[in-house]
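In what follows, a single structure is set out as structure tokens and then discussed.
The values are calculated or read from the model by the stated rules, or taken from the named source; none is laboratory data. Quantities reported herein were computed from a predicted structural model and do not represent experimental measurements. Here the Cβ is made from the backbone with ideal geometry for all residues, glycine too, and neighbour counts use every protein chain on show.
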């Protein structure tokens, strides 16, 4: 897997975080209000949000490693067709993500409902970490936040299933998570301007078309005679 894949994962995280602003921006703001009284403005707007996101991205990387391990097992079962089949699957998920972000087709809501079952098991732990009165609690909250049901994350994980190893799956999700970081930190620092930009129909449409185009390229690159050799 070349460096282009990691740059693409970062870009998908950045463009897809338009969805995160609507969903996770409220969570980020809520976590900020959960800080102990007396926290400085800089701590509220940058320090603790950075810790929250560090934990969140670490959970993404762990999930990516697990997805990469799962994909490795599937490749063994599918033999020589395994890598191409998994990358086509990842491309289909990218296309669905584009429709999801644009609002044209909310098919990934079904995946979020499945993920909600896991979240129900983890959510009670968050109550033990509030109020957030030390960096350790902030990091732990971020680690839990990373498992919140999200179609965007699940689509990125589908790409990690096609990675060549658990390590590469983890690195893909790390790149994806870093791509979401500017939006999550920007919620606290530039909330109004960022929200207006993110909610713009033209911005969301551009992001959706970019993801759909990348997904289609991923699919066709694995079909002999169209864009690649399925290797």
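Looking at the stretch 133-156, which of its residues are part of a helix (DSSP H, G or I) and either in contact with a strand residue (DSSP E or B) (Cβ under 6 Å, 6 or more places away or on another chain) or free of Cβ contacts under 8 Å to residues at least 40 places away in the same chain (or both)? 136, 137, 138 - these are the residues of the stretch 133-156 that are part of a helix (DSSP H, G or I) and either in contact with a strand residue (DSSP E or B) (Cβ under 6 Å, 6 or more places away or on another chain) or free of Cβ contacts under 8 Å to residues at least 40 places away in the same chain (or both). For the stretch 83-95, state whether one or more residues are loosely packed, with under 14 Cβ neighbours inside 10 Å, in contact (Cβ under 8 Å) with a residue 24 or more places away in the chain and closer than 29 Å to residue 220 by Cα. No, every residue in the stretch 83-95 fails to be loosely packed, with under 14 Cβ neighbours inside 10 Å, in contact (Cβ under 8 Å) with a residue 24 or more places away in the chain and closer than 29 Å to residue 220 by Cα.
Mind telling me which of the residues 228, 186, 177, 151 ends up being modelled with pLDDT under 80, in contact with a helix residue (DSSP H, G or I) (Cβ under 6 Å, 6 or more places away or on another chain) and within 24 Å of residue 96 (Cα to Cα)?
On the way: 228 fails: in contact with a helix residue (DSSP H, G or I) (Cβ under 6 Å, 6 or more places away or on another chain); 186 fails: within 24 Å of residue 96 (Cα to Cα); 177 fails: modelled with pLDDT under 80.
The match here is 151.
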